[in-house]
Structures are given as structure tokens and as C-alpha cells.
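First up is the structure itself, then whatever we jot down about it.
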């Protein structure tokens, strides 16, 4: 599979999306959510659970955008050559 410079750049941008998605989920859990869970009262737990769900959804969405771009670029390169 020979990649054009545009396709090669698309692979790198897609890998950045995947890494950013995983990093968003990891860092939000590590530094934001665990602090809210440590309080122990009901309000902080509810906010922590909501933020964890929202940030996990956002991180997964960004990662899947990257995976979709990788697949689309690979299919375009295979169909062309």
C-alpha cells in the first residue's frame, strides 16, 4: 500500500485523535473524577458519575473518529492502487 503525502498526513492526524481520546478519558478519571469520589457525599458522587460518563463518551467519540479516519484512508489507498 503506497500512501500519498496527504494520506500519510491523514494517518498521523487520525492517530492523534485516537491518542487524544484515550488521554482525555485517562486524565479526566485520574485527576478530576477520583477527586470528586474522594469527598464521599451524595452531591459530589453524582457530579463525579455524570462527569465520568460525559468525559468517557467524549473521549470514546474522539477516538472512534480517529479509527474511522484510519479505516477510510486505508480503504481509499487500497482502492486506488
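The values are calculated or read from the model by the stated rules, or taken from the named source; none is laboratory data. If you're wondering where the values come from, they're calculated on a predicted model, not measured in any experiment. Every residue, glycine as well, gets a Cβ built from its backbone with ideal geometry; the counts of neighbours run over all protein chains shown.
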Does the range 26-34 include one or more residues that are in contact with a helix residue (DSSP H, G or I) (Cβ under 6 Å, 6 or more places away or on another chain) and modelled with pLDDT of 85 or more?
-> yes
Where a residue in the range 58-81 is touching a residue at least 40 places away in the same chain (Cβ under 8 Å) and at positive phi and its partner, wherever it lies, is surrounded by 12 or more Cβ atoms within 10 Å (Cβ to Cβ) and in a helix (DSSP H, G or I), with Cβ under 6 Å and at least six apart | none
Lone unmet requirement of (1) part of a helix (DSSP H, G or I); (2) at pLDDT below 85; (3) surrounded by 15 or more Cβ atoms within 10 Å (Cβ to Cβ) for residue 3 | (1)
Pull up the range 67-81, narrow it to residues that are part of a helix (DSSP H, G or I) and loosely packed, with under 14 Cβ neighbours inside 10 Å, then point me to the one that is nearest to the chain's Cα centre (by Cα).
-> 68
Condition met for residue 22 (surrounded by fewer than 16 Cβ atoms within 10 Å (Cβ to Cβ), under 19 Å from the mean Cα position of the chain (by Cα) and in contact (Cβ under 8 Å) with a residue 40 or more places away in the chain) = yes
